[in-house]
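The values are calculated or read from the model by the stated rules, or taken from the named source; none is laboratory data. These figures come from a predicted structure and were not determined experimentally. A quick note on method: Cβ atoms are made from the backbone with ideal geometry, for glycine too, and the neighbour counts reach across all protein chains shown.
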Amino acid sequence: MNTIRSVRGMHDILPADSPLWQWLENQLAQIFAAYDFHEIRLPLVEQAEVFMRAIGQATDVVEKEMYAFEDRNGDMLSLRPEGTAGVVRAAIQHGLLQSPGLKVWYQGPMFRHERPQKGRQRQFHQFGAEVFGLEQAAADAELIAMVERIWRTLGLRDKIRLEINSLGDRADRARYRQLLIDYLKPHVHRLDADSQRRLETNPLRIFDSKNPDTKALMADAPRLFDALGESARVHFDQVCHLLEQLGIQYQINPGLVRGLDYYCRTVFEWITDDLGAQGTVCAGGRYDELVAMQGGKDTPGIGFALGVERVLALLSAGGMEQVQVPQVYLVSQVEIGEALKLAEQLREAHPGLRVGMSLAGGSFKAQFKRADRSGAPLALVLGEAELAAGVVQVKNLRSDSAQQDSVPIAQLAEHLARLLAASGEH
């Protein structure tokens, strides 16, 4: 019988890798809290219309990548390909937009059916943050400042650069769309097949083409940045001024567009050169019309999504690792119930204490080998003689000394607290 394997592009996160994921998740949660963001947890499956209406029918996500399917009731559902549309749906459904200034963050897996490659999988993970009800440039600047703090906290700021642009307002984009079509039509033969198709449906997406001839043609195309109306230009100038006041370095990239139809005004990407083709680590922008598109009242919004796998790849490339090992390892030659009882007493006295032990028993020599391989700094030795005397032998596994301290069981928790505090383990 063939072994069943995971679905292509959907990978397991193994125990050796989980500590770094947990560390990153804790770091990000603390930073979000520092900016008064509150977590929202969303379902993995939504009505497909949530994404079709928000993202746009002519985008690659809807046309090619969504995991959409009809359920037994005939409803068209989809695994979520991104987080923002679901957050907007939840905010409208539960009446969270009654007062301006809602700040929420989310995390979890997203799904897109595309060709798996390094840095891009069919199941991938994101952290995202969204702000609703604030049209002021200060909301854009604070959100970008929060991402800046993430990179500084993770030690990645020198590996990532910030690029920003403005997509203007609806009227600006409509006016520019025609300018772009007029420029491209005489050169349609130079466009790749995907770009020819996008010419009528979503011409701004042609800027994302990787085809050399198309890229060369787009290098001389008119820029949306030059077609901005007064309101959008003033807003963008304010954002840039605030970033400069905050000391945040950025580059204006007039060719930067976002792949989803709902974006307007400020858009931004944090990009690295250390991950090859998949260099965008975090991206986002304004979506002032999205809430109305999803059936709510006119409510401005801005947000971003951060790719967890890509951040972890940067951390790992820099030598960052997190290893979870037991803080103490119980080596015993007594009846297993007595050993389990002692382990529970220690966990009760020290919530969060990581206690390892061999449930399969074995000789002292075999158990000490397991204790050493576990990485635990301390071994607790409990034999029949120790149990009868009401003591435990405490041995430092990371020292060449053969010394063991005999500690009364009643005082063991306090003794361990001192040792772990001195070693920085607790």
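Checking VAL323 against (1) aliphatic (A, V, I, L, M); (2) surrounded by fewer than 17 Cβ atoms within 10 Å (Cβ to Cβ); (3) in contact with a Phe, Trp or Tyr (Cβ under 9 Å, 6 or more places away or on another chain), which test does it fail?
It is condition (3) that VAL323 fails.
Only one of (1) over 30 Å from GLU130 (Cα atoms); (2) at pLDDT below 90; (3) not acidic (Asp, Glu) is not met by GLN322, so which one is it?
Failing condition for GLN322: (1).
Identify all residues within segment 352-389 that are exposed (fewer than 12 other Cβ atoms within 10 Å of the Cβ) and not hydrophobic (A, V, I, L, M, F, W, C); write none if there are none. Break it down stepwise before answering.
From segment 352-389, those exposed (fewer than 12 other Cβ atoms within 10 Å of the Cβ) are 352, 359-360, 363, 365, 373, 385, 388; that's our starting set.
Hits for segment 352-389 are GLY352, SER363, LYS365, ARG373.
Restrict the check to segment 234-245 and report whether at least one residue is within 27 Å of ILE302 (Cβ to Cβ), outside the structural domain of TRP151 (by TED's automatic domain parsing), out of contact with any helix residue (DSSP H, G or I) (no Cβ under 6 Å at 6 or more places or on another chain) and surrounded by fewer than 20 Cβ atoms within 10 Å (Cβ to Cβ). Walk me through how you get there before you give the answer.
Taking segment 234-245 as the starting set, the residues that turn out to be within 27 Å of ILE302 (Cβ to Cβ) are 234-245.
Next, only the ones that are outside the structural domain of TRP151 (by TED's automatic domain parsing) stay: none.
Within segment 234-245, not a single residue is within 27 Å of ILE302 (Cβ to Cβ), outside the structural domain of TRP151 (by TED's automatic domain parsing), out of contact with any helix residue (DSSP H, G or I) (no Cβ under 6 Å at 6 or more places or on another chain) and surrounded by fewer than 20 Cβ atoms within 10 Å (Cβ to Cβ).
Going by the conditions given, is LEU314 in a helix (DSSP H, G or I) and among the hydrophobic types (A, V, I, L, M, F, W, C)? First the steps, then the outcome.
Working: in a helix (DSSP H, G or I): yes; among the hydrophobic types (A, V, I, L, M, F, W, C): yes.
Yes.
Given the conditions (1) among the charged types (D, E, K, R); (2) closer than 23 Å to TYR262 by Cα; (3) assigned to a helix (DSSP H, G or I); (4) within 17 Å of the chain's Cα centre (by Cα), and given that GLU82 satisfies all but one, which numbered condition is not satisfied?
Checking GLU82 against (1) among the charged types (D, E, K, R); (2) closer than 23 Å to TYR262 by Cα; (3) assigned to a helix (DSSP H, G or I); (4) within 17 Å of the chain's Cα centre (by Cα), the one that fails is (3).
Can you list the helices (runs of 4 or more DSSP H) lying wholly within segment 123-216 that have 3 or more residues being aliphatic (A, V, I, L, M)?
On the way: elements: 137-154, 170-184, 193-201.
Once the helices (runs of 4 or more DSSP H) in segment 123-216 are filtered for at least 3 residues that are aliphatic (A, V, I, L, M), what remains is 137-154, 170-184.
Taking SER231, is it at negative phi, at pLDDT below 85 and hydroxyl-bearing (Ser, Thr, Tyr)? So that I can check it myself, show each step before the final result.
Working: at negative phi: yes; at pLDDT below 85: no; hydroxyl-bearing (Ser, Thr, Tyr): yes.
Here the answer is no, as SER231 does not meet what is asked.
Give VAL355, VAL323, VAL308 a once-over and let me know the one that is under 28 Å from GLU25 (Cα atoms), assigned by TED's automatic domain parsing to the domain that holds THR84 and of a type in the set (Val, Ile, Thr).
Working: VAL355 fails: assigned by TED's automatic domain parsing to the domain that holds THR84; VAL323 fails: assigned by TED's automatic domain parsing to the domain that holds THR84.
Among VAL355, VAL323, VAL308, only VAL308 is under 28 Å from GLU25 (Cα atoms), assigned by TED's automatic domain parsing to the domain that holds THR84 and of a type in the set (Val, Ile, Thr).
Yes or no: segment 148-171 includes at least one residue that is farther than 30 Å from PHE127 by Cα, buried (at least 16 other Cβ atoms within 10 Å of the Cβ) and not polar (S, T, N, Q). If you could, list the steps in order and put the result at the bottom.
Filtering segment 148-171 down to residues farther than 30 Å from PHE127 by Cα leaves 171.
Retained after the next criterion (residues that are buried (at least 16 other Cβ atoms within 10 Å of the Cβ)): none.
No - not one qualifying residue is present in segment 148-171.
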